[in-house]
1. Would you point out the residue of the range 198-239, among those that are open to solvent by 30 Å² or more (accessible area, probe 1.4 Å) and of a type in the set (Val, Ile, Thr), that is modelled with the lowest pLDDT?
2. Check whether at least one residue in the range 178-191 is modelled with pLDDT of 90 or more, closer than 30 Å to His234 by Cβ and touching a helix residue (DSSP H, G or I) at 6+ places or on another chain (Cβ under 6 Å), and report yes or no.
3. Only one residue in Ala350, Ala371, Ala379 is farther than 24 Å from Pro286 by Cβ, within 16 Å of the chain's Cα centre (by Cα) and of a type outside the set (Val, Ile, Thr), so which one is that?
4. Name the pairs: first residue in the range 301-322 and open to solvent by 30 Å² or more (accessible area, probe 1.4 Å), second residue in a helix (DSSP H, G or I) and of a type in the set (Gly, Ala, Ser), Cβ to Cβ under 8 Å, at least 6 apart or on different chains?
5. With the structure loaded, tell me whether Val341 is touching a Ser or Thr at 6+ places or on another chain (Cβ under 7 Å) and open to solvent by 30 Å² or more (accessible area, probe 1.4 Å) or whether it fails that test.
6. What residue, of Leu327, Leu314, is within 18 Å of Thr380 (Cα to Cα) and at pLDDT below 95?
7. Under 6 Å by Cβ, and 6 or more places apart or on different chains, what pairs join a residue from the range 243-261 that is free of Cβ contacts under 8 Å to residues at least 40 places away in the same chain with one that is in a loop (DSSP other than H, G, I, E, B) and among the hydroxyl-bearing types (Ser, Thr, Tyr)?
8. Counting only residues that are surrounded by 13 or more Cβ atoms within 10 Å (Cβ to Cβ) and part of a helix (DSSP H, G or I), how many does the range 81-111 have?
Amino acid sequence: MKRRGHGAPPGKAALEEQLNGAAPPAAVEGTPGAHGDPPASPAGVRRSTESEVYDDGTNTFFWRAHTLTVLFKTPQDTAYNTKRGIVASILVFLCFGVTQAKDGPFSRPHPAYWRFWLCVSVVYELFLIFILFQTVHDGRQFMKFIDPNLGVPLPERDYGGNCLIYDPGNETDPFHNIWDKLDGFVPAHFLGWYLKTLMIRDWWMCMIISVMFEFLEYSLEHQLPNFSECWWDHWIMDVILCNGLGIYCGMKTLGWLSLKTYKWQGLWNIPTYKGKMKRIAFQFTPYSWVKFEWKPASSLRRWLAVCGIIFVFLLAELNTFYLKFVLWMPPEHYLVLLRLVFFVNVGGVAMREIYDFMDDPKFHKKLGQQAWLVAAITATEFLIVVKYDPYTLMLSLPFYITQCWTLGIILVLTWTVWRFFIRDITLRYKEIRRQKQEHKHEEKCLSNGEGHSPLLDEHSGSKLRERKL
């Protein structure tokens, strides 16, 4: 491997002269190289310990002096200038937002970090709206400006097929079906559900979303082929192993964070290097901790909010697969990964803003800005899917799938009406009837001159216990 010689590397013209047989210009003896490097070797003389260097000048761009006139030397490439102008505009907006946007509920590792993701949310929403107003062909071909490899239809992988856990017909490897399913998406599922648990902070809600998404895959496998998976891939590998283990580890982390003592000390006030390194690491942990208690059955408002959260989570999960399908993006493309990283950062802030709005509506009088943006992004992604491929979405569900979902919706609506309307009316009627009976008993006691009776004390004690309960 050749190493760089001392001094500033020759430019493109110097390289052409060397290739044509001409000697490079001699360096003035005693003159130091660029940026304080030792003096270059005389022309045509190379020390035995010095490697030969070939440089066309590209790698030295950032080592050469430049002036502001570079902004006015615009190339004649329209596509290149358009890309550069869009990127520059986005960077200017991000710089403004990071310094001037409103702070969110999180302050670690730094409020500017969360302001950055808020501004990225705005940029992403504007990008989605732009894609939404293009034709299907133009929208797909526009992705070529981001990556020239996009804009080409890609076949979807079918995860179904042979679902035998042990295949006796394959003597070389009877468990080949299992090994085929153990791809890079297995650790991605685990990590994803670990982070989702840290966002939702509730075991029941996480398990409901996990199980319901598997039912959605069953229901929509006639639309997207990659939803077709083996039964053990759905329930053993996904729900129990990947999702379940991720939720379990997430709940353990939540337990540690809720028991942790949040006592902060300045870095320069810590005497030991070990303590300083520990303090730097803890800078990436929460400044304080709030335990989420969703209590969906406590009121109709909370119940509707929890149902809305579950619905948006499931819709965002489905958008991941449908966007890849309609925009022709392979599952392993870096844009798919960037979208998931984006939702991990903005989703945590949105969930905290939603919980603050539900738990303390007197202090938090309106929903947070990041929560509104996440809802708008999810809705816009769904609109893109509807516009770009309505035929796939309009494929009718199988009759037995329709029956199952109809039955589930009826059960949920029935429970909602009973819990928040019929049950409350019944309890309110019983309470009014009990109060009337107590009032009649008190009047009877007073009319008989008893004044104070043990039975009245017993009724008062029962009433006090009921109020405590």
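The values are calculated or read from the model by the stated rules, or taken from the named source; none is laboratory data. Fair warning: this is a prediction, and the values are worked out from it, not measured in the lab. Virtual Cβ from ideal backbone geometry, glycine too; neighbours counted across all protein chains shown. Protein only, heavy atoms only, side chains kept; ligands, DNA and RNA dropped before computing areas. Shrake-Rupley method; radii C 1.70, N 1.55, O 1.52, S 1.80 Å.
1. Among them, the one singled out is Ile236.
2. To start, the set of residues in the range 178-191 that are modelled with pLDDT of 90 or more comprises 190-191.
Now drop any that are not closer than 30 Å to His234 by Cβ, which leaves 190-191.
Filter once more, keeping what is touching a helix residue (DSSP H, G or I) at 6+ places or on another chain (Cβ under 6 Å): 190.
Checked against the condition, which is being modelled with pLDDT of 90 or more, closer than 30 Å to His234 by Cβ and touching a helix residue (DSSP H, G or I) at 6+ places or on another chain (Cβ under 6 Å), the range 178-191 yields at least one hit.
3. Numbers: Ala350 fails: farther than 24 Å from Pro286 by Cβ; Ala371 fails: farther than 24 Å from Pro286 by Cβ.
Unique residue meeting the criteria: Ala379.
4. Close Cβ pairs satisfying both conditions: Val312/Ala375.
5. Numbers: touching a Ser or Thr at 6+ places or on another chain (Cβ under 7 Å): no; open to solvent by 30 Å² or more (accessible area, probe 1.4 Å): yes.
Judged against the criteria, Val341 is not a match.
6. Working: Leu314 fails: at pLDDT below 95.
Going through Leu327, Leu314 in turn, the sole match is Leu327.
7. Note: no pairs meet the criteria.
8. Matching residues across the range 81-111 total 8.
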